[in-house]
């Protein structure tokens, strides 16, 4: 990515990544759609709340993997194979250990977590059954995201997509079998997800070992290197904080949403899946942009970074406007995919949420670019600052505005784009300060 045209090269790299993460979203969306259609509103509310929790937990691992990927891309741009492969080894050991700790903590704190989410009494048992099974997939999430980010760091975004496509189809098939044929309820939906996750994670690991000999780690790379650990940790830990803070804020809002009852919980569960599908491509575009910037940062191409920023911003804005318009127009039919037609209250609540968020997708699209930019130029702390601004605003305003009788739950919805806008303003002002002094990687 350090040579040639920018926009076309960036899009060609980003498109498989976008498609891959859309497929990854199918894991929980398939659960939500099938559960909502065939098991009812209580089960939908349980799976939806569990999704917010799992998004937070997996964001910790995803952040660590993304931060490591930025380190890999910088070394790849510098053509330093020894440091690259040593980084593979060190990051795999460290992030794998974090995945084991996270799994143990999730099981140990399961009942406390359900209480903290303020799940209604009729929903809490279903949520516990779902989560107890889904926690077994945390290690699979680590395997897939680690090796997917490794391959993307060196410019290969197609292979992770292929493995994810297979497992997404498998997940849907198993959902139908376990829920409709075996009658395992929400546990069946969780089991289908976990099995599919291991297919993609373990499969990608085996493929990497067999088909990418040039990237294999030799014994001489399996050593402790304090400088490499500090470089990886500097990017990984702060990216992890950024990702987890972002999703912790969403989880805190989930508890507030749950306090409004099962109908709002169910509507939020379905609408968030639609929302995630709608802006997931621009989030992935931001991650692809981060790889582009990191490789050019490693190669000392600050001029190319500046041109790439202009190109990426135009692409992201155009996409967000088009998708936002589509979601606004088709909000009701989209909600109807997840909710039975007679559940008119749930559909109406979900439509209100979607139209407010979709009208402002450009805000989150630009924010994802800022996250990717500052992670790639070794300033991940700024990504954390932007996340705190965005999510802090969201959480505070959600509690304040939802207490206004004239707004109610709508106050939660409008707090989201306000947070995006404030973070975008901060990110733009900071970029204006540093844009002429972007250094080459050390």
Fill in the blank from the handout: Residue separation between residue 166 and residue 332 times 0.36 nm, minus their alpha-carbon distance, gives in nm 56.8 nm
Practice task
Give me D for segment 143-193 in µm² s⁻¹, whole number, from Stokes-Einstein with Rh from the Kirkwood sum over alpha-carbon pairs, 25 °C and 0.890 mPa s.
Solution key: 202 µm²/s
Fill in the blank from the handout: Checked segment 170-280 with the C-alpha gyration tensor, a ≥ b ≥ c its square-rooted eigenvalues, rounded below a/c of 1.5, otherwise prolate if a/b is larger than b/c and oblate if not; verdict oblate
Exercise for the section: For segment 83-120 and segment 359-431, write down the distance between their C-alpha centroids in whole Å. Expected result: 26 Å
Handout entry: Value of Rg to Rh for segment 293-412 (Rh from inverse mean 1/r over Cα pairs, i.e. Kirkwood)
Key = 1.10
Problem - Calculated FRET efficiency for the pair residue 112/residue 436, C-beta based, R₀ 41 Å, to 0.05 - result: 0.25
Problem - Largest-first principal axis extents, alpha carbons of segment 352-409, Å - result: 45, 21, 8
Practice task
Please determine, in degrees from 0 to 90 and to the nearest 10, the orientation of helix 41-78 with respect to the longest principal axis defined by the Cα atoms of the chain, where the helix direction is its Cα long axis.
Solution key: 0 degrees
Completion exercise
Tilt, helix 262-298 to longest principal axis of the chain (alpha-carbon atoms), in degrees rounded to tens, equals 0 degrees
Completion exercise
For the chain, longest principal axis from Cα atoms; helix 344-358 axis from its Cα atoms; angle between them, nearest 10 degrees, is 30 degrees
Problem - Rounded FRET efficiency, nearest 0.05, which uses the C-beta distance separating residue 340 from residue 227 and R0 of 51 Å - result: 0.30
Fill in the blank from the handout: So, with points 7 Å from each Cα along the Cβ direction, the residue 180-residue 217 label distance in nm works out to 4.3 nm
Fill in the blank from the handout: Quick note on 141, 393, ordering by fewest other C-beta atoms within 10 Å, gives 393, 141
Handout entry: Rg/Rg_globular for segment 7-437, with Rg_globular taken as 2.2 N^0.38 Å and Rg from C-alpha atoms
Key = 0.95
Exercise for the section: Sort 58, 239 so that the residue with the fewest other Cβ atoms within 10 Å of its own Cβ comes first and the one with the most comes last. Expected result: 58, 239
Practice task
Mind sorting 178, 277 by how few other Cβ atoms lie within 10 Å of their own Cβ, fewest first?
Solution key: 277, 178
Problem - Modelled FRET efficiency - R0 22 Å, residue 202 with residue 132, Cβ distances, 0.05 increments - result: 0.50
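Just so you know, all these numbers are worked out from the coordinates, no wet-lab data involved. Note that the structure is a prediction, hence the values are computed from the model and not measured. Heads up, the Cβs are rebuilt from the backbone with ideal geometry, glycines too, and the neighbour counts pull from every protein chain shown.
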